[in-house]
Amino acid sequence: MFNKILIANRGEIALRIIRTCKEMGIKTVAVYSTADRESLHVRFADEAVCIGPPPSKGSYLNIPNIIAAAEITNADAIHPGYGFLSENSKFSAICAKNKIKFIGATPEQIDGMGDKSNAKNTMKLAGVPTIPGSEGLLNSVEEGLSVAEKIKYPVILKATAGGGGRGMRIVWKPEDFEEEWNVARQEAGAAFGNDGMYLEKYIEEPRHIEIQIAGDQYGKACHLSERDCSIQRRHQKLLEETPSPFMTKELREKMGEAAIKAALAVKYEGVGTVEFLVDKHRNFYFMEMNTRIQVEHPITEEVINYDLIKEQIKIASGDPISGKNYFPAMHAIECRINAEDPYNNFRPSPGRITNLHVPGGHGVRVDSHVYAGYTIPSNYDSMISKLITIAQTREEAINTMERALSEYVIEGVKTTIPFHAQLMKNEDFRKGNYTTKFLENFKLV
Ligand code: MV4
């Protein structure tokens, strides 16, 4: 097992990782920018090293400074959390070169999944269902038109270097194809330095359902059931829940087996997520694979009673997994409480939290790094906390969430609490009747 882990992140996830390390008897090193001097991750870690100025480029993305911090503190592993360097293949390679264990994927796995057309091809060869479309990248507009003719409109052009909703164009009819193709390629070239495009049938009103997986060094992989992440706004998730209200026992088994195939196909070591699009007929298709711990991991932890960060660290240190699959015994919901104004296009609202009362009681978990008097810097994401409720049934988890949201007091900044409070009362949400289009028609009053 590791002696000391450096956490190359900030905020709630840095705290989350430090907490598990403490329970495992592993020493911790925090790194921080000058904007985070007063942060709890700095105080809770055994040691802390300042790595640069507030902009991420100079600090949380500054590879030489983070490696230097690991060297001077004698850390034998680095946990990257999510975001920042968690899916940076160069960083993964540099850690390996410096004999520091990167708690995440190999450079080959990161690059293999980062190229979306390549990832899709790998999954197709492994027998994971993929969306009908072009075989790899398109070589010309004519080829695109002919594939679109075959699979029928609407179709979607995707940048192979995109992902997470970036670099996509929907094409509804052949007359529009050439124009969309030109715009898409130009945008992808400018944004990613790579204008490779591929084509798929456009799935209308899908659900985003992802499967949590774990794999070890000994060729074993298992799944830990699903999370429904369909409640998103402009590709930003606002609420996640597990089990998915759309799930059936049969679909879970099929999607779970497909996710395990995906993990085995890339010899995945650690915890990861396989994202699927699910259509109204419950056909499911591989979308992307995330080679990191995700923001929404706590809801899975709560319904299967399993510490995913601990598992991640154990796998990285060479422990085998049991290989058995895990199924939800409870229902859990996560609301992302962000410093954003939901009445004003979710505009970021950084600043000082002047007064704070955090909800508690039966079935409530709050993962957060903030305290009364804390200032949310404008340099990073605007998440204040993840409010998670756990209950025997979905209805009870929603009722607990409604109660917890009503107790939550955060003064000094605008938050997404009013949005979630209204969502809990929404009839379609209550019925579990929602897709990725749900928030487009949701009016906050
Ligand atoms: C799609 C799609 C419909 N059809 N692909 C968005 C994120 C990126 N990973 C892929 N995305 C989509 N791909 C086909 N062939 C619809 C989306 C999509 C979406 C997917 C998941 C969650 C929210 C979404 C919002 C808009 C579009």
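Ordered from largest to smallest accessible area (heavy atoms of protein chains, 1.4 Å probe), the residues ARG233, ARG227, ARG16, ARG166 come out as ARG166, ARG233, ARG16, ARG227.
Can you give the FRET efficiency for ILE151 and ALA96, using 1/(1 + (r/R0)^6), R0 = 41 Å, r = Cβ-Cβ distance, to the nearest 0.05? Kindly include the intermediate steps, with their values, before the conclusion.
Working: r = 41 Å, r/R0 = 1.00.
The computed FRET efficiency comes out at 0.50.
Exceeding 29 Å between C-alpha atoms, which entries from my cross-link table qualify? They are LYS267/LYS431; LYS4/LYS386; LYS4/LYS261; LYS386/LYS425; LYS97/LYS314; LYS150/LYS237.
Values: LYS267/LYS431 39 Å; LYS4/LYS386 27 Å; LYS4/LYS261 33 Å; LYS386/LYS425 19 Å; LYS97/LYS314 21 Å; LYS150/LYS237 33 Å.
Those over the limit are LYS267/LYS431; LYS4/LYS261; LYS150/LYS237.
P(r) tail for segment 132-201: Cα pairs beyond 13 Å make up 56% of the total. The label-point distance for GLU108 and ALA126, in a model that sets each label 7 Å from Cα toward Cβ, rounds to 1.4 nm. Each of THR435, ALA259, ILE213 was placed along the dipole of the chain (beta-carbon charges, centred on the mean Cα), and the one lying farthest toward the positive end is ILE213.
Using the Karplus relation 6.51 cos²θ - 1.76 cosθ + 1.60 with θ = phi - 60°, the per-residue 3J(HN,Hα) values for segment 369-376 come to 10, 9, 8, 4, x, 6, 9, 6 Hz, with x marking Gly and Pro.
The C-alpha atoms of segment 1-114 occupy a region whose extents along the principal axes are 37, 33, 24 Å, arranged from largest to smallest. Solvent exposure of the chain amounts to 42 Å² per residue of accessible area, where only protein heavy atoms count and the probe is 1.4 Å.
Overall dimensions of the chain, expressed as equivalent-ellipsoid semi-axes from the Cα gyration tensor (√(5λ), whole Å, largest first), are 33, 27, 23.
Using the Cα centre of segment 4-103 as the reference point, and only Cβ charges (+1 on K/R, -1 on D/E), how large is the resulting charge dipole? Debye, rounded to the nearest 20. If you can, show how the numbers build up before the last one.
Values: 13 positive and 9 negative charges, 31 e Å.
My answer is approximately 140 debye.
The residues neighbouring VAL266, those whose beta-carbon lies less than 12 Å from its own, together hold a net charge of -1 under the Lys/Arg +1, Asp/Glu -1 convention.
Remark: segment 207-441 is approximated by an ellipsoid whose semi-axes, taken from the C-alpha gyration tensor as √(5λ), come to 30, 21, 16 Å, largest first. Under Stokes-Einstein, with the Kirkwood radius over Cα pairs as Rh, the value for segment 1-65 at 4 °C and 1.567 mPa s is 111 µm²/s.
From the alpha carbon centroid of segment 112-153 to that of segment 336-398 is 39 Å.
P(r) tail, segment 175-231: Cα-Cα pairs separated by more than 18 Å, 64% of all pairs. Principal axis analysis of the Cα atoms in segment 122-266 yields extents of 45, 33, 30 Å, listed in decreasing size.
Backbone amide hydrogens, once placed in the peptide plane, bring ILE384 within less than 5 Å of ILE337, ASN338, ALA339, excluding anything fewer than 5 places away on its chain.
Rounded to the nearest 20 debye, the dipole size of the chain about its Cα centre is 620 debye, using +1 on the Cβ of Lys and Arg and -1 on the Cβ of Asp and Glu.
Quote the charge dipole size of segment 295-422 about the Cα centre in Debye, to the nearest 20; the model charges only the Cβ of Lys and Arg (+1) and of Asp and Glu (-1). Write down the numbers at each step before the final one.
Details: 11 positive and 16 negative charges, 30 e Å.
Approximately 140 debye in magnitude.
Of the GluC sites (Glu not before Pro) found in segment 131-185, those that fall in a DSSP loop while having at most 15 other beta-carbon atoms within 10 Å are GLU135.
The values are calculated or read from the model by the stated rules, or taken from the named source; none is laboratory data. Remember, it's a predicted structure, so these values are computed and weren't measured experimentally. Neighbour counts are summed over all protein chains in view; Cβ atoms, including those assigned to glycine, are modelled from backbone coordinates with ideal geometry. In case anyone asks, the SASA skips ligands and DNA or RNA and just uses the protein heavy atoms, side chains included. Shrake-Rupley method; radii C 1.70, N 1.55, O 1.52, S 1.80 Å.
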